[in-house]
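The values are calculated or read from the model by the stated rules, or taken from the named source; none is laboratory data. None of these values were measured; they are calculated from a predicted model. Note that each Cβ is placed from the backbone with ideal geometry, even for glycine, and that neighbours are counted across all protein chains shown.
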Amino acid sequence: MRRFDRWLVVLGLFVAAGCLGFLSSRHVWTADWTRGARASLAPESVAVLAKLPGEVQVVGYLSPTGPLREQTAAVIERYSRAKHDLVLSFVDPDKDPAASRQLGIAGDGALLIRYKGREERVESPINERNLSNALERLARGADRIVAFVTGDGERQGDGIANADLGVFMRQMERRGLRAVPLNFSQTQGVPEHTDLVVLASPTSALPAPAVAALVDYIHGGGNLLWLTEPGNDDLGTGALADVLGVRVLPGVLVDGQGSTLNVKDPRIVVEAEYPFHAITRAFRDTTLFPQVSALAQVSDHDWAVVPFLRSGARSWTAFGGIDNASPSTIAFHPEAGELKGPLDFGFALNRLSPSPDKSEQRAVVIGDGDFLSNTYVGNGGNRALGERLFNWLLGDDVLVDLPARGAPDRVINVSQDGLTALTFGFLVALPVLLLAAGGFIAWRRRRR
């Protein structure tokens, strides 16, 4: 009997040790008791994850100091619950600034989401809406065709010259965009399956058939990005400007605001604050625009025109030349017709699409093309702004429409009579009741 008792004691010790080991391990059990499961992914986001079989890598280029890493991990944890092979890792951008610049990581950092050789970037704010839209773009898979007009001295989408856009477009290729040349001397019009046409700063006059083909493309519901430059108002693009309802103002835009950031050339417009638009929503990076043309919109048009790039109050359109080798004597001359800022130099246009295959037609006109060139695309937030431009033009800005899921009891609706009763109750009745109770208790104690 004693031997049996000893075996029971040994067995009890093993059971106790096993229980202690179990309790010392980390066991995660998550339950969402909020109304409408607000602490979990929306069904729309779960549906996006179901379209992505295989591993999804999320790399956060975020500084270890500050709250961003912890906040990002909390958001990604919701996705990991629904998709176990979604892997999150962090990289300190300060330890390899050259690689961060090459990837266009600036400001508060960014997330790179990689899936089957493609990648998407998510910048601040890092939330479910932005993450789910980036994942939806990865899930779509098919390349988007971006046609660059060529033949008249335009910037090339695959070029390596300083003025070309090859560096930027190679970055965009990993996001499913494919740049192709479009020469109207070799084709009668824009090919049918083109998703976007880019007219990037032509240096010689466009032939009439080329302008007519672009106008027909706009009339047919096509999306367009037009980058123009100072002095480009005599290149035969008047018909294109008419159909878009915009005008390129004469002169070059100069801005004294850049001097505060040690930018010595007044022709470089420095942007740090942006008018509200879907392209610039929550965008806080500083961008640089060398040699800008101001733009104006024509009234009585069927386009909804929204400015999203605007110069500062210290800017104006200068008609004279500027010699950076000598002390600047540049000044505002209103008598010569120069216009005082703030002046718009970036327009986003949208309207109901004339094509039955699309619901909306979009176009963007910017009075500068240098900001996306190989020379300047790495400056500040230029690359990030370019990505936002292309996303909006291709309709990739809001692919997943997440409904608002706020708490239903955050707002209490009280009538004026009810508010009066509450005020009287808390400020008068309750204090009187407490005083009466205290007096009654004191009276009873004295009687004892």
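Can you pull out the residues in the range 166-211 that are hydrophobic (A, V, I, L, M, F, W, C) and either surrounded by fewer than 18 Cβ atoms within 10 Å (Cβ to Cβ) or closer than 26 Å to L135 by Cα (or both)?
V167, F168, M169, M172, L177, A179, V180, L196, V197, V198, A205, A208
Are any residues in the range 167-184 out of contact with any Ser or Thr (no Cβ under 9 Å at 6 or more places or on another chain) and of a type in the set (A, V, I, L, M), and if so, which ones?
M169, M172, L177, A179
Among all residue pairs at least 6 apart or on different chains, which show Cβ distances below 7 Å where the first residue, located in the range 66-89, is on the phi < 0 side of the Ramachandran plot and the second is of a type in the set (V, I, T) and not in a strand (DSSP E or B)?
T72/I126; V75/I126; R81/T30; A82/V46; L88/I76
Tell me whether the range 164-177 contains one or more residues that are charged (D, E, K, R), modelled with pLDDT of 90 or more and assigned to a loop (DSSP other than H, G, I, E, B).
yes
Give the residue, chosen from V9, V48, V15, that is modelled with pLDDT of 75 or more, closer than 23 Å to N130 by Cα and among the β-branched types (V, I, T).
The match here is V48.
Under the condition of being charged (D, E, K, R) and part of a strand (DSSP E or B), which residue from the range 103-120 is surrounded by the most Cβ atoms within 10 Å (Cβ to Cβ)?
Here the residue is E120.
Scan the range 377-384 and tell me whether some residue there is surrounded by 14 or more Cβ atoms within 10 Å (Cβ to Cβ), among the aliphatic types (A, V, I, L, M), modelled with pLDDT of 85 or more and not in a helix (DSSP H, G or I).
yes
Filter the range 236-285 for residues that are closer than 21 Å to N350 by Cβ and hydrophobic (A, V, I, L, M, F, W, C) and give the result.
Selection gives A239, L240, A241, V243, L244, V246, V248, F276, A278, I279, A282, F283.
If the Cβ limit is 6 Å and pairs must be 6+ apart or interchain, which residue in the range 134-161 that is surrounded by 15 or more Cβ atoms within 10 Å (Cβ to Cβ) pairs with which residue that is assigned to a loop (DSSP other than H, G, I, E, B) and acidic (D, E)?
R137/D396; R144/D195; I145/D195; R155/D164; Q156/D164
For the range 264-314, how many residues meet the condition of being over 20 Å from L385 (Cα atoms) and assigned to a loop (DSSP other than H, G, I, E, B)?
The total comes to 11.
Can you name the number of the only condition in (1) modelled with pLDDT under 85; (2) touching a Gly at 6+ places or on another chain (Cβ under 6 Å) that T317 fails?
With respect to (1) modelled with pLDDT under 85; (2) touching a Gly at 6+ places or on another chain (Cβ under 6 Å), T317 is out only on (1).
So, in the range 42-57, how many residues would count as being closer than 18 Å to S89 by Cβ and out of contact with any Lys or Arg (no Cβ under 8 Å at 6 or more places or on another chain)?
Count: 1.
So is S293 surrounded by fewer than 17 Cβ atoms within 10 Å (Cβ to Cβ), closer than 29 Å to H219 by Cβ and of a type in the set (S, T, N, Q) or not?
When the stated conditions are applied, S293 does not pass them.
Conditions tested, residue by residue: (1) part of a strand (DSSP E or B); (2) in contact with a Leu (Cβ under 9 Å, 6 or more places away or on another chain); (3) over 21 Å from A282 (Cβ atoms).
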site: R101; (1), (2), (3): no, no, yes
site: V122; (1), (2), (3): yes, yes, no
site: R137; (1), (2), (3): no, yes, no
site: G153; (1), (2), (3): no, no, yes
site: V180; (1), (2), (3): yes, no, yes
site: E192; (1), (2), (3): no, no, yes
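L352 is checked against (1) under 20 Å from the mean Cα position of the chain (by Cα); (2) of a type in the set (A, V, I, L, M); (3) modelled with pLDDT of 85 or more and fails just one. What number does that condition carry?
(1)
Do we find that A110 is touching a residue at least 24 places away in the same chain (Cβ under 8 Å), among the small types (G, A, S) and in contact with a Phe, Trp or Tyr (Cβ under 6 Å, 6 or more places away or on another chain) in this structure?
When the stated conditions are applied, A110 passes them.
Tell me which of these V292 doesn't satisfy, since it passes every other one: (1) in contact with a Ser or Thr (Cβ under 6 Å, 6 or more places away or on another chain); (2) at pLDDT 90 or above.
(1)
Does any residue in the range 185-204 that is in the same structural domain as L235 (by TED's automatic domain parsing) come within less than 6 Å, Cβ to Cβ, of a residue that is charged (D, E, K, R) and assigned to a loop (DSSP other than H, G, I, E, B) six or more places away or on a different chain, and which pairs are these?
Final answer for the pair search is A200/E154; A200/R155; S201/R155; S201/E229; P202/D152; P202/E154; S204/D152.
Looking at I113, I105, which is the one that is at pLDDT below 90 and either under 24 Å from the mean Cα position of the chain (by Cα) or under 21 Å from R284 (Cα atoms) (or both)?
Only one candidate qualifies: I105.
I need the full set of residues from the range 207-243 which are under 22 Å from E192 (Cβ atoms) and hydrophobic (A, V, I, L, M, F, W, C), in order please.
A210, V211, A212, A213, L214, V215, I218, L224, L225, W226, L240, V243
Could you please find all residues in the range 196-251 being within 27 Å of N391 (Cα to Cα), among the charged types (D, E, K, R) and in a helix (DSSP H, G or I)?
Of everything in the range 196-251, those that are within 27 Å of N391 (Cα to Cα), among the charged types (D, E, K, R) and in a helix (DSSP H, G or I) turn out to be D216, D242.
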